[in-house]
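The values are calculated or read from the model by the stated rules, or taken from the named source; none is laboratory data. What you see is a predicted model, and the numbers here were worked out from it, not measured in a lab. Here the Cβ is made from the backbone with ideal geometry for all residues, glycine too, and neighbour counts use every protein chain on show. Ligands, DNA and RNA are excluded from the accessible area calculation, which covers all protein heavy atoms including side chains. Shrake-Rupley method; radii C 1.70, N 1.55, O 1.52, S 1.80 Å.
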Amino acid sequence: MSAAHGSLRVGMIGHAFMGAAHSYGWRNAARVFELPVEPEMAVIAGSDAARSAAAAARLGWAQSVADWRELIERPDVDIVDICAPGDLHFPIAIAALEAGKHVLCEKPLANTADEADEMARVAEAAARRGVFAMCGFTYRRQPAVALARRTIAEGRLGQIRHIRVQYLQDWLSDPDSPYTWRLDATRSGSGALGDLGAHAVDLAQWLTASRITTLSARTQRFVPTRPLPDGSGRGEVTVDDAAFALAEFDSGLIGTFEVTRYALGRKNAFRVEIDGTLGSLAWDFERNNELNLYTEDAGELAGFATVLATRPGHPYLADWWPDGHGLGFDAGFVNQAADFIRAIAAGRQPEPSFADAAQVQRVLDAVEASQASRGWEAVSPEKEKVR
Ligand SMILES: NC(=O)c1ccc[n+]([C@@H]2O[C@H](COP(=O)([O-])OP(=O)(O)OC[C@H]3O[C@@H](n4cnc5c(N)ncnc54)[C@H](O)[C@@H]3O)[C@@H](O)[C@H]2O)c1
């Protein structure tokens, strides 16, 4: 923290989709919540100096620099926020932590489990020096999702038996939609698996406070090449388009996962349904202020009820709009920024830690191993040092 400024000065790398969402979070966190220290939007970097300068002006950042290494070297940056493609997470996060900067890194944490494990180790060493790292599993910050976790933790559903998770999008359904870095395994690590599956695995494990131990999975690529944006032909798609898995958890529950970018009509349908011995709940991001809850308490009148997750007593909502006024995708990034700032100011490890996110990465690795072996795979324990 900068004593002189009484603020935590943020440097953000990548300023497109997630960069805009994180900017919204940094800009509004201290407007919505009373924070012990304010985030200050100091500087951004991207892949092109002119575009970064324009983005800084549009998104409300004081400055931009041409290269992410320059941003990390600056003494007037306390937090490095990584909103760049997956292949940059590892080098940026390691350099930032070693330079003594707190790090917020987008998901999936890295492109491989080895990289993720190493990032977790460097983060653990940094945390012992009071420098903290967190991964951006933003859906944990949606009030209805946090309410679902609280409801399960209170035992309202009894012992959890099953979880069904779907994360369905359709933006690749057209075989001629253009090539992006997301379709190149050297940049993104994997396709729907890392992009959507990482969220699905994190949320399933977080909601049920349990971890996947073994799984059987299949991945599929439907469209092998796509038009390059510069018109020079078609680029090879080197990632999966969809991934499905059946998983066993350490608590004895079983779960199914479906993630795809080809579910026509489903735009961002991140859905979770959980059944316990006393009740069930369901949530769908496309109706993100609602939690559907069934408990046996109501006897013969029992049925799924739609709980509007907007009450002041629900997670995050005491400081937001009055009951019934609803929040959106953007609010998750405000809540995330506030949680991160509060943890740093308190000298406490923010969640999810890099270790939590590295474990998710090992689950994704097991999915790919299962596709290759066509059999059941165990989620591997943390690997030995690789650097
Ligand atoms: N939490 C979520 O809900 C969520 C949603 C979408 C994406 N993501 C994650 O966020 C990350 C970024 O995804 P996105 O959708 O914002 O991608 P994007 O393509 O919209 O933006 C990528 C940004 O990275 C910058 N960049 C690329 N190469 C760079 C380099 N060498 N140096 C500096 N900057 C560089 C680009 O200029 C661009 O600003 C990914 O890890 C992705 O998985 C998370």
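Roll a 1.4 angstrom probe over the protein heavy atoms and tell me the percent of accessible area of the range 236-387 that is carbon or sulfur. List each step's numbers first, then the result.
Details: 3710 of 7210 Å².
So the carbon and sulfur contribution to the accessible surface is 51 percent.
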Among 232-242, 185-195, how do they line up by average Cβ neighbours within 10 Å per residue, starting with the highest?
185-195, 232-242
Beta carbons within 10 angstrom, averaged per residue: use that to sort the peptides 278-287, 106-115, 311-320, highest first.
106-115, 278-287, 311-320
In Å², rounded to a whole number, the accessible area per residue of the range 32-107 with probe 1.4 Å is 39
Any chance you could check the Cα centroid distance between the range 113-166 and the range 15-39 for me, in angstrom?
20
Mind checking which of Phe329, Ser232, Thr151 is farthest towards the positive end of the chain's charge dipole, using Cβ charges of +1 (Lys, Arg) and -1 (Asp, Glu) about the Cα centre?
Phe329
Fully extended, how many nm does the chain gain between His162 and Asp297 (0.36 nm per residue separation, minus their Cα-Cα distance)?
46.6 nm
Note down, for the chain, the three equivalent ellipsoid semi-axes (square root of 5 times each alpha carbon gyration tensor eigenvalue), biggest first, whole angstrom.
31, 27, 21
The set of residues whose placed amide H lies less than 5 Å from the amide H of Arg161, leaving out same-chain residues fewer than 5 positions away, is Asp275, Gly276, Thr277
With every protein chain in place, the range 1-151: carbon and sulfur % of accessible area (1.4 Å):
52
Projected onto the charge dipole of the chain (+1 at Lys/Arg Cβ, -1 at Asp/Glu Cβ, origin at the Cα centre), which of Ser216, Gly11, Leu193 gives the Cα projection farthest towards the positive end?
Gly11
Accessible surface, per residue, of the range 173-281 when the full set of protein chains is kept, probe 1.4 Å, Å²:
41
Expressed to two decimals, the range 132-281 has a Cα Rg over Rh, using the Kirkwood radius, of 1.04
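Calculate, in nm to one decimal, what Phe17 and Thr214 gain on full extension: separation in residues at 0.36 nm each, minus their alpha carbon distance. Could you put the intermediate results ahead of the total?
Details: separation 197, 0.36 × 197 = 70.92 nm, distance 3.36 nm.
Taking Phe17 through Thr214 to full extension adds about 67.6 nm, to one decimal.
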The range 312-342 and the range 45-75 have their Cα centres apart by a whole-number Å value of 28
Over the Cα atoms of the range 277-387, each weighted equally, I'd like the Debye log10 I(q)/I(0) at q = 0.24 Å⁻¹, rounded to two decimals.
-1.20
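Would you calculate, for the chain, the mean residue ellipticity at 222 nm contributed by helices, counting each DSSP H stretch of 4 or more residues as -39,500 (n - 2.57) and dividing by all residues, to the nearest 500? Don't jump to the answer; show the numbers that get you there.
Details: 10 runs with 122 residues, N = 387.
Roughly -10000 deg cm²/dmol at 222 nm, from the helical runs in the chain.
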In nm, to one decimal, how far is the modelled label at Trp171 from the one at Arg374, with both set 7 Å along Cα→Cβ?
3.4
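Against the empirical 2.2 N^0.38 Å scaling, what ratio does the C-alpha Rg of the range 1-141 come to? Could the numbers behind the result be given before it?
Values: Rg = 14.1 Å, N = 141, 2.2 N^0.38 = 14.4 Å.
Compactness ratio reported: 0.98.
What per residue convex hull volume, in Å³, comes out for the range 290-355 when only alpha-carbon positions are used? Working shown, then result.
Working: hull volume 9.5 nm³, N = 66.
Measuring per residue, one finds 143 Å³ for the Cα hull of the range 290-355.
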